[in-house]
There are 2 protein chains.
Amino acid sequence: MIFSLREILDRAKKKKLKQKLAVAAAEDIYILRALARLHQSGLVEPILIGNKNLINELAKQENIPISKYSIIDTKSTQESASKAVELIRDGHADLLMKGMLSTKTLLVEVLNKDTGIAAQNLLNHMALFESPYYHKVFAVTDAAMNVAPDKIEKVAIIQNTVNAFIKIGVKLPKVALLTAVEKVNPKMLDTVEAAAIVEQHYESRIADCIIEGPMALDLAVSKVAAEHKHFIGNVPGDADILVVPEITSGNILYKSLTCLGGAKTAGVVIGAKVPIILTSRADSDESKLYSIALAIELSQ
Amino acid sequence: MIFSLREILDRAKKKKLKQKLAVAAAEDIYILRALARLHQSGLVEPILIGNKNLINELAKQENIPISKYSIIDTKSTQESASKAVELIRDGHADLLMKGMLSTKTLLVEVLNKDTGIAAQNLLNHMALFESPYYHKVFAVTDAAMNVAPDKIEKVAIIQNTVNAFIKIGVKLPKVALLTAVEKVNPKMLDTVEAAAIVEQHYESRIADCIIEGPMALDLAVSKVAAEHKHFIGNVPGDADILVVPEITSGNILYKSLTCLGGAKTAGVVIGAKVPIILTSRADSDESKLYSIALAIELSQ
């Protein structure tokens, strides 16, 4: 069990391995500021890929020391993405971070069948949360990448996320398939799909975890709520991984936890040979640092 | 602006009107316990409708004093629902509360064209929240009743909820149409629908409010998040009413606020001639009391 995101950061720091972080399209003042702080943490050694003149100019404007960074000059964001993926593929970098380019541009290169670095067909976003109202760190997936995953894609999302939990030391994670209700209702397709996924799990086609659902969020995180509704299982009140039906409910849950729940968060894209860090400008410095630490933990 | 649910309770208490509360299918120990506490609050005078023998037996088992309550004996839950609605229709009761019967059984009677008490075709659930992370009481709709409302139904939900806000003293409430992103994306139908609703609002077909969207939850409740995303509007950081795309995301938001956000809540169904109180066994006593107080405020 992991009690705080700080634990993940401390573990990453203890390794004292400076991971090489390939930053695709680094010509952005927010990225450069964040990298300066990350560099101080001793966790990573950035490799900046992008418009070299612009990177130098931006760094100069704010006196950001980048003389120790490698810079690879490129002509386009597509070339930055391609080059960053190449560095990972050839073992010259350990972690991949999205800079000033669209997620799509980066992922096209990651998923390229000949030159890409996908470990399988499906990548997904995993967000970890540390909430003052829950007893351990838990994940929400997929709140940021797969818009409306079908059942097969959802099974892949679950397996990716379970594998990630095992990597960070949580054996046999408990997975809750979130819906609005516990009863399978043909008018609520999410509930039908959740029951089918649980069935697949019973047939051992999704391994190394406990999966239960459909269930509403209150059951996943509260044993008392489960008792009120006479729901018997191993997941209620102790879920590690919350699987949302589609991106909108995931995004609303993510924002509710961070903006209206006092939760801290760390997020990465998993399913490629290395974790991919997609920070957004709105992320706090703390969240960016935790995301890097999580990526380091997962890259081992 | 309303800062706390206690304010709504205090206002209801100040009126010193004992509202007559028709309880449809009161033969349930949880309902009787809750009513005993509500009765002490001085807010309501319950009229119990249901299996009289069973009601008396349950009350005796736990020494719940019900001798001062009116009891109307019925033979079925359908009859209880019908009788409760009749009391409201004929002015013999002021508020309607769901007891030990399905929501559907009750609503069929409420919505009956000849004998029902619907003020219009659409009823919706409105949940108020008081969050330690927000500066005022806000609403989420519809997290509990309409499964997948279409655009026309959503407009009715918004108008019902705006009218309710005006009744509780919030003039020109700010409405946020929640989705995962701010950009209209044909692959995310919620965003297309939200833009169409905002268009209707500009044409003044939804009155007495400010409506903006599509927007993610962080923008609705945080000005800083809106600035990061260069979203300009009157709603960001100050939303009163959060409209969710469908019931699953609504339910997840509701449960996230109460189970993982430290929020207090009150909920009623609006759109009938009187507010309908649908408490669930899992609701806290405090939440049940706030819901009754809210119903009293809305019934004026």
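The values are calculated or read from the model by the stated rules, or taken from the named source; none is laboratory data. Everything numeric here is computed off the predicted structure, so don't read it as measured data. So basically every Cβ, Gly included, is an ideal-geometry build from the backbone, and we count neighbours across all protein chains shown. SASA here: full protein model, heavy atoms, side chains in, ligands and nucleic acids out. Shrake-Rupley method; radii C 1.70, N 1.55, O 1.52, S 1.80 Å.
Details
- Filtering A:LYS60, A:LYS20, A:LYS16 for residues that are part of a loop (DSSP other than H, G, I, E, B) and either without any contact (Cβ under 8 Å) to a residue 40 or more places away in the chain or open to solvent by 60 Å² or more (accessible area, probe 1.4 Å) (or both) leaves a single hit, A:LYS16.
- Among the residues of the stretch A:169-200, those that are within 23 Å of the chain's Cα centre (by Cα) and not charged (D, E, K, R) comprise A:GLY169, A:VAL170, A:LEU172, A:PRO173, A:VAL175, A:ALA176, A:LEU177, A:LEU178, A:THR179, A:ALA194, A:ILE197.
- Residue check, B:LEU189 open to solvent by 40 Å² or more (accessible area, probe 1.4 Å), within 14 Å of another protein chain (Cβ to nearest Cβ) and within 30 Å of B:GLU227 (Cβ to Cβ): yes
- Count - residues of the stretch A:74-108 that are within 16 Å of A:MET145 (Cα to Cα) and among the charged types (D, E, K, R): 2
- Within the stretch A:30-47, the set of residues being surrounded by fewer than 17 Cβ atoms within 10 Å (Cβ to Cβ), in a helix (DSSP H, G or I) and either in contact with a Cys (Cβ under 8 Å, 6 or more places away or on another chain) or free of Cβ contacts under 8 Å to residues at least 40 places away in the same chain (or both) comprises A:ARG33, A:GLN40.
- Single residue of A:ILE72, A:ILE49, A:ILE66, A:ILE31 found to be touching a Ser or Thr at 6+ places or on another chain (Cβ under 7 Å) and closer than 14 Å to A:GLY99 by Cβ: A:ILE49
- Of all residues in the stretch A:168-186, those satisfying the criterion of being open to solvent by less than 40 Å² (accessible area, probe 1.4 Å) and part of a loop (DSSP other than H, G, I, E, B) are A:ILE168, A:VAL170, A:PRO173, A:THR179, A:ALA180.
- Residues in the stretch A:263-273 that are within 14 Å of another protein chain (Cβ to nearest Cβ) and either in a loop (DSSP other than H, G, I, E, B) or open to solvent by 40 Å² or more (accessible area, probe 1.4 Å) (or both): A:ALA263, A:LYS264.
- Scanning the stretch B:208-240 for residues that are acidic (Asp, Glu), surrounded by 19 or more Cβ atoms within 10 Å (Cβ to Cβ) and either in contact (Cβ under 8 Å) with a residue 40 or more places away in the chain or closer than 12 Å to B:VAL175 by Cβ (or both) returns B:GLU212, B:ASP238, B:ASP240.
- Residue selected from the stretch B:241-262 under the condition surrounded by 24 or more Cβ atoms within 10 Å (Cβ to Cβ) and in a loop (DSSP other than H, G, I, E, B), by the criterion nearest to the chain's Cα centre (by Cα): B:VAL244
- Flag for A:GLY250 being more than 13 Å from chain B (Cβ to nearest Cβ), more than 17 Å from A:VAL137 (Cβ to Cβ) and not aliphatic (A, V, I, L, M): no
Let's see how each residue does on (1) under 30 Å from A:ALA93 (Cβ atoms); (2) in contact with a helix residue (DSSP H, G or I) (Cβ under 7 Å, 6 or more places away or on another chain):
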{"site": "A:MET215", "(1), (2)": "no, no"}
{"site": "A:ASP218", "(1), (2)": "no, yes"}
{"site": "A:SER222", "(1), (2)": "no, yes"}
{"site": "A:PHE231", "(1), (2)": "no, yes"}
{"site": "A:VAL243", "(1), (2)": "no, yes"}
{"site": "A:GLU246", "(1), (2)": "no, no"}
{"site": "A:LEU257", "(1), (2)": "no, yes"}
{"site": "A:GLY261", "(1), (2)": "no, yes"}
{"site": "A:GLY271", "(1), (2)": "yes, yes"}
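- The number of residues in the stretch A:117-139 that are away from chain B (no Cβ under 14 Å) and open to solvent by 10 Å² or more (accessible area, probe 1.4 Å) comes to 5.
- Of the residues in the stretch A:274-293, none is within 14 Å of chain B (Cβ to nearest Cβ), surrounded by 20 or more Cβ atoms within 10 Å (Cβ to Cβ) and over 19 Å from A:LEU9 (Cα atoms).
- Within the stretch B:140-160, the set of residues being of a type in the set (A, V, I, L, M, F, W, C) and either in contact with a Ser or Thr (Cβ under 6 Å, 6 or more places away or on another chain) or open to solvent by 20 Å² or more (accessible area, probe 1.4 Å) (or both) comprises B:ALA144, B:MET145, B:VAL147, B:ALA148, B:ILE152, B:VAL155, B:ALA156, B:ILE157.
- If you filter the stretch B:192-207 down to residues that are surrounded by fewer than 21 Cβ atoms within 10 Å (Cβ to Cβ) and within 14 Å of another protein chain (Cβ to nearest Cβ), you find that the one that is farthest from B:GLU297 (Cα to Cα) is B:VAL192.
- Conditions (1) farther than 25 Å from B:LEU5 by Cα; (2) away from chain A (no Cβ under 14 Å); (3) touching a Gly at 6+ places or on another chain (Cβ under 8 Å): number failed by B:LYS151: (3)
- Test: residue in the stretch B:156-179 that is farther than 29 Å from B:LEU5 by Cα and in contact with a helix residue (DSSP H, G or I) (Cβ under 6 Å, 6 or more places away or on another chain): no
- When we screen A:GLU27, A:GLU62 for residues that are more than 22 Å from the chain's Cα centre (by Cα) and closer than 19 Å to A:ASP283 by Cα, the only hit is A:GLU27.
- For the stretch A:205-242, a residue qualifies if it is touching a Leu at 6+ places or on another chain (Cβ under 7 Å) and at pLDDT below 95, and the qualifying residues are A:ASP208, A:ALA225, A:ALA226, A:LYS229, A:PHE231.
- Near pairs, Cβ below 8 angstrom, 6+ apart or cross-chain, from the stretch A:172-184 (at positive phi) to any residue that is modelled with pLDDT of 95 or more and assigned to a loop (DSSP other than H, G, I, E, B): A:LEU172/A:CYS209
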